[in-house]
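Undergrad: First the structure, then my questions, so here it is.
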Amino acid sequence: MTDPTTRIGSATSDTSQFRMRGKDVLSEIVGQMSFTEAFYFIVTGRELTREQGRIFDACVIVLMDHGITPQALVSRLVHDAVPTDLQVPVASGLLMVGNKFAGTMAGCGRILQDCMAQDGDRRAWLADTVASFRAQRRFIPGFGHPYYKPEDPRAARLFEIAEANGAKGDYIALVKMLGEEVDKAAGRHLTLNVTGALGAVLSEIAFPVEVMRACSVVGRAAGLVAHVLEEQSNPIVPDVVDFVNAIPYVEE
């Protein structure tokens with residue numbers, strides 16, 4: 001039997017109160033918490049320290065935009081077809097945040113948290129995990145990047161911010177150890193990319209691995225709004241359509 005209650009927020013129909021996670025929204029949250037602090041609070045029910053807030057803020061911002069990404073292109077194309085409803089192109093672009101683009105922090109975070117729960121030799125556990133992924137011809141989430149080589153400066157910056165703001169560093173050390181085992185198994189260096197770093201840094205502040213991808217979704221939503229607005233005044237979709245129309249048809 002399920003418990004038909006919620007601890008997140010009071011009902012719209014209940015005008016006697018406006019509550020979120022046990023706090024009065026108007027007096028204790030609005031004007032008191034930043035957006036990212038409130039984001040963390042509504043998801044976890046816990047408040048961040050000022051230092052942890054800086055870390056979480058960096059995690060939400062770092063993937064806000066990276067130019068004409070596949071997500072941005074999709075949002076622009078959908079805006080061209082549905083120009084009157086902002087939420088449609090933004091939502092369309094966000095549907096591409098997943099296991100290939102901008103969402104692999106969840107997979108890396110799961111590996112790190114599962115490893116941290118082990119009582120034995122963690123390096124051996126990581127080596128076995130890497131071997132298992134390779135046997136299944138699967139990529140370790142959070143490693144490899146087509147452009148950032150040998151290192152991803154976004155990952156380094158997240159680690160720097162986490163360290164400067166008092167993160168204990170256990171998960172950061174663990175993801176670096178994972179990187180060593182990935183390189184050893186591959187016989188070459190694979191970049192620890194920003195999503196791998198996010199899996200570690202978000203674990204440092206106990207953000208649930210089940211919703212880690214939300215940091216990319218929430219941050220990227222703001223970036224896609226910017227792309228939709230720019231498409232209105234400086235469109236690239238006509239050039240994309242011209243490119244597509246120039247692709248030759250050939251008989252099999």
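Undergrad: From the list 46, 110, 76, pick out the single residue that is crowded, with 20+ Cβ neighbours inside 10 Å and in contact (Cβ under 8 Å) with a residue 60 or more places away in the chain.
TA: 76
Undergrad: Something else: Using the structure shown, decide if residue 185 is more than 24 Å from residue 69 (Cβ to Cβ), open to solvent by 30 Å² or more (accessible area, probe 1.4 Å), in contact with a helix residue (DSSP H, G or I) (Cβ under 6 Å, 6 or more places away or on another chain) and among the aliphatic types (A, V, I, L, M).
TA: Yes: the conditions hold for residue 185.
Undergrad: For segment 188-205, which positions are closer than 14 Å to residue 152 by Cα, of a type in the set (A, V, I, L, M) and either surrounded by 24 or more Cβ atoms within 10 Å (Cβ to Cβ) or within 12 Å of the chain's Cα centre (by Cα) (or both)?
TA: If the condition is that a residue be closer than 14 Å to residue 152 by Cα, of a type in the set (A, V, I, L, M) and either surrounded by 24 or more Cβ atoms within 10 Å (Cβ to Cβ) or within 12 Å of the chain's Cα centre (by Cα) (or both), then 192, 194, 197, 198 are the ones that fit.
Undergrad: Also, quick follow-up: Give me the pairs, please: first residue somewhere in segment 3-22 and under 11 Å from residue 42 (Cβ atoms), second residue anywhere and among the small types (Gly, Ala, Ser) and surrounded by fewer than 10 Cβ atoms within 10 Å (Cβ to Cβ), beta-carbon distance under 9 Å, and either six or more positions apart or on two chains.
TA: Every condition considered, the pairs that remain are 7/22.
Undergrad: Now a separate question. Look at residue 91 and say whether it is free of Cβ contacts under 8 Å to residues at least 24 places away in the same chain, aliphatic (A, V, I, L, M) and over 28 Å from residue 37 (Cα atoms).
TA: No: the conditions fail for residue 91.
Undergrad: Something else about it: For segment 210-239, which residues satisfy the criterion of being surrounded by 10 or more Cβ atoms within 10 Å (Cβ to Cβ), in a helix (DSSP H, G or I) and in contact with an Asp or Glu (Cβ under 9 Å, 6 or more places away or on another chain)?
TA: 219, 220, 222, 223, 224, 226, 227, 231, 237
Undergrad: Here's a follow-up. Collect the residues in segment 4-18 that are among the hydroxyl-bearing types (Ser, Thr, Tyr) and exposed (fewer than 10 other Cβ atoms within 10 Å of the Cβ), keeping them in residue-number order.
TA: Selection gives 5, 6, 12, 13, 15, 16.
Undergrad: A follow-up question, please. Which residue is nearest to residue 209 (Cα to Cα), if the candidates are limited to segment 34-43 and must be in contact (Cβ under 8 Å) with a residue 12 or more places away in the chain and open to solvent by 30 Å² or more (accessible area, probe 1.4 Å)?
TA: Only one residue tops the list, namely 43.
Undergrad: Also, quick follow-up: For segment 127-160, what are the residues that are crowded, with 18+ Cβ neighbours inside 10 Å, at pLDDT 95 or above, under 18 Å from residue 201 (Cβ atoms) and among the aliphatic types (A, V, I, L, M)?
TA: 155, 158
Undergrad: Checking the conditions here, which among 190, 178 is in contact with a Gly (Cβ under 6 Å, 6 or more places away or on another chain), of a type in the set (A, V, I, L, M, F, W, C) and at pLDDT 95 or above?
TA: One residue alone meets the criteria, 190.
Undergrad: Given the conditions (1) under 16 Å from residue 116 (Cβ atoms); (2) assigned to a loop (DSSP other than H, G, I, E, B); (3) open to solvent by 30 Å² or more (accessible area, probe 1.4 Å), and given that residue 167 satisfies all but one, which numbered condition is not satisfied?
TA: (3)
Undergrad: Six or more apart or on different chains, Cβ atoms under 7 Å: show the pairs whose first residue is in segment 225-252 and of a type in the set (Phe, Trp, Tyr) and whose second is open to solvent by less than 100 Å² (accessible area, probe 1.4 Å) and modelled with pLDDT of 95 or more.
TA: Final answer for the pair search is none.
The values are calculated or read from the model by the stated rules, or taken from the named source; none is laboratory data. Just so you know, these numbers come straight off a predicted model, no measurement behind them. Neighbour counts are summed over all protein chains in view; Cβ atoms, including those assigned to glycine, are modelled from backbone coordinates with ideal geometry. Side chains included, ligands, DNA and RNA excluded: accessible areas come from the protein's heavy atoms. Shrake-Rupley method; radii C 1.70, N 1.55, O 1.52, S 1.80 Å.
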